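Report on one structure; see the data block that follows.
Only the coordinates and a few stated rules stand behind these numbers; no lab work does. Keep in mind the model is a prediction, meaning the values are calculated, not measured. Note that we place each Cβ from the backbone using ideal geometry, even for glycine, and neighbour counts take in every protein chain shown.
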Amino acid sequence: MQEKRFSYLFEQYFKRQGSNAEVEEFMELIHSGDYDVQLQMLIDQHYENFIPHQSPLSALQENQILNAVLNIKSEGSAATALSSSAFIPTATTTLNMRSDRKRWAWISIAASVAVCLGTAFFVYHNYTYKKDQDYAASLIGPGTNKARLVLGNGKVILLDTLKNGSRVFENGVELTKTKDGQLIYHIKGSANGEARLVNTIETPRGGKYEVQLPDGTEVWLNAASSLKYSNVFNGKKREVTLNGEAYFEVAHRENQPFVVHTSQQSVEVLGTHFNVNAYPDDENQVTTLLEGAVKASSVSETLLLKPGQQAILNLRNDHLKVAEADLETAMAWKNGDFIFKDEDLASVMKKVERWYDVEVVFEDIDPKSIKLGGWVSRSKNISAVIKIIEPIAGVKIKIDGRRITVMK
């Protein structure tokens, strides 16, 4: 019964005989999306039964009008109305096979319903797309306490599978996972032989971890990072090797400096709080000092930092420079936030990749030319980050599984 009513309203609309109430009812039915198939059939039928009038325009002018109709934009939506509508491909294909004298008939029909159908299909398909994207985003949660410990003897311990409060004994060392998930080392008995082997703690993309080293130094590892260190610091220096990003609160030892080695520099301290960002796919390695004193060295240069300063090493030319640090931004990851201040989109999306364990690709845009700012908690699903990035950067983000496409 309702299908008959829809057909009646369709005819009244095209004959321009419908009352205001009938036109309003017709629009509501179109917007419901329940009559898309019937609507396509009626348009095709109307086309076949249409008595063509002789066109007053040339074939070129007719095609220009037709193209304009097929690409008409809904002013309120700022999106192409008809190009995504379901009936257009069929009609366009059919048009090419029909006689030229009927082209004007199609133009007349298409022009009559362009705004109506365009708006309806835009609303329907945009709603469906948004619903699908919201669901896809809901499946991508934030990173968690997740890491693995590779012992010097080759044994691998998945730290996130250990129960909080548990203890493991390996090579004369007691490993304790605290109630809040931190890993703590205690040397048991004499430290010799295997006890001095180098261990590695690794966080995957979508993971972070906090570890207390044998000397009492506390280290917070960001996602996609690794730290190599000895079970026992009994040499002239306490040395560790970092790949990725970590924040250090170094236990003070007057005659035993603590040294962080990265791929192209070293940072030496006695007792201090500092952050080292040394991801291999970034353009710079950045050491940020919060408290104490730091000596940062590259192959050719050495700098001394004061609290509130950064040592920035350009990996392309090995140039090391000092700059004033924005501590809020530098420490945002450790404090559980994303904070972007005039940061390019390429850098922002690298952080998104690491924290949410996704693949980001860019389509027809230069991410380094787009700057943005904003704040959002790292405890939120990826949808919260996308809602910040899209309007500020003026981009559209599509989610397909764990693949994120950023486009205009």
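Over 22 Å between C-alpha atoms is what I'm after, so list which of K155/K334; K341/K387; K295/K368 land there.
K155/K334; K295/K368
May I ask you to order 221-234, 281-294 by the average number of other C-beta atoms within 10 Å around their residues, highest value first?
In decreasing order of mean packing, 221-234, 281-294 become 221-234, 281-294.
Count the DSSP beta bridges whose two residues both fall in the range 136-284, then state the antiparallel fraction as a percent rounded to the nearest 5.
Taking every DSSP beta bridge within the range 136-284, about 85 percent pair in antiparallel fashion.
What is the sum of charges, Lys and Arg at +1 and Asp and Glu at -1, for the other residues whose Cβ falls under 12 Å from the Cβ of T405?
Net local charge, T405 excluded: +1.
Just want the ordering: Y8, Y279, from fewest to most Cβ atoms lying within 10 Å of their own Cβ.
By the 10 Å Cβ count, ascending: Y8, Y279.
If packing is taken as the average count of other Cβ atoms within 10 Å, what order do 134-146, 381-393, 150-162 fall into, highest mean first?
Answer by packing, highest mean first, reads 381-393, 134-146, 150-162.
Just need the relative contact order of the range 145-330 here, percent rounded to a whole number, with Cα pairs under 8 Å and 6+ apart.
The normalised contact order for the range 145-330 reaches 12 percent.
Fewest to most neighbouring Cβ within 10 Å: what's the order for M331, M27, M407, M349?
Least crowded to most crowded, the residues run M407, M27, M331, M349.
Kindly put Y247, Y209 in sequence by how many other C-beta atoms sit within 10 Å of each C-beta, fewest to most.
With the sparsest Cβ surroundings first, the list reads Y247, Y209.
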